[in-house]
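Structure first, commentary second.
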Amino acid sequence: MKAESITPILNVSDIQQSFEWFAKLGWSKGWEWGDPVTFGGVCSGEVEIFLCQNGQGGRGKGANKATFGDSESQALDQGVWLSVWVADVDTVYELCKQQNIDITWPPEDMPWSVREMHVRHPDGHVFRIGQSLPVG
């Protein structure tokens, strides 16, 4: 198999609130389906994520404040973890602070040559937002 593209599907408890949460990150609603709406997509450039209200996967927000560090904190959220690559993590961090988005790991230069931060969707999905750093 040669994959041509991949589109994650996130189980969300409220699709309209999820559209609004993604808008705070600068994503736009690509489409919606159903009456009432229970399925849709959000887009950022060529990247798309599907949102399914109350279906297609798991969700669940843990009581943990941080999503990184020990392996226990990484397992408490029952949602999907996604890596999102951007040009400037620090700019995204400032946007997230302004929008009161749940930041669970502030920007940090990691030993695997990535500057990375984490944010958490209200349904427990974790977004690892990163940029590549020069190696060496």
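The values are calculated or read from the model by the stated rules, or taken from the named source; none is laboratory data. Computed from a predicted structure; not experimentally measured. Reconstructed Cβ throughout: ideal geometry from the backbone, glycine too, with neighbour counts over all protein chains shown.
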Residue 87 passes all but one of (1) more than 23 Å from residue 11 (Cβ to Cβ); (2) of a type in the set (Gly, Ala, Ser); (3) not in a loop (DSSP other than H, G, I, E, B); which number fails? (3)
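Which residue, of 57, 45, is surrounded by 11 or more Cβ atoms within 10 Å (Cβ to Cβ) and either more than 12 Å from the chain's Cα centre (by Cα) or of a type in the set (Phe, Trp, Tyr) (or both)? Give the steps one after another, and end with the answer.
Working: 45 fails: surrounded by 11 or more Cβ atoms within 10 Å (Cβ to Cβ).
When all the criteria are applied, what remains is 57.
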Just one of the numbered conditions (1) free of Cβ contacts under 8 Å to residues at least 60 places away in the same chain; (2) not in a helix (DSSP H, G or I); (3) not charged (D, E, K, R) is not true of residue 62; which one? (1)
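For residue 95, state whether it is hydrophobic (A, V, I, L, M, F, W, C), touching a residue at least 24 places away in the same chain (Cβ under 8 Å), closer than 27 Å to residue 5 by Cβ and in a helix (DSSP H, G or I). First the steps, then the outcome.
Values: hydrophobic (A, V, I, L, M, F, W, C): yes; touching a residue at least 24 places away in the same chain (Cβ under 8 Å): yes; closer than 27 Å to residue 5 by Cβ: yes; in a helix (DSSP H, G or I): yes.
The answer is yes for residue 95.
Can we say residue 82 is within 24 Å of residue 53 (Cβ to Cβ), surrounded by fewer than 17 Cβ atoms within 10 Å (Cβ to Cβ), modelled with pLDDT of 95 or more and touching a strand residue (DSSP E or B) at 6+ places or on another chain (Cβ under 8 Å)? Can you show your working first?
On the way: within 24 Å of residue 53 (Cβ to Cβ): yes; surrounded by fewer than 17 Cβ atoms within 10 Å (Cβ to Cβ): yes; modelled with pLDDT of 95 or more: yes; touching a strand residue (DSSP E or B) at 6+ places or on another chain (Cβ under 8 Å): yes.
When the stated conditions are applied, residue 82 passes them.
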Consider residue 130 against the criteria (1) free of Cβ contacts under 8 Å to residues at least 40 places away in the same chain; (2) not in a loop (DSSP other than H, G, I, E, B): it satisfies all of them except one. Which criterion is unmet? (1)
How many residues are crowded, with 16+ Cβ neighbours inside 10 Å, within 13 Å of the chain's Cα centre (by Cα) and either small (Gly, Ala, Ser) or over 24 Å from residue 95 (Cα atoms) (or both) when one looks only at the range 18-42? 1
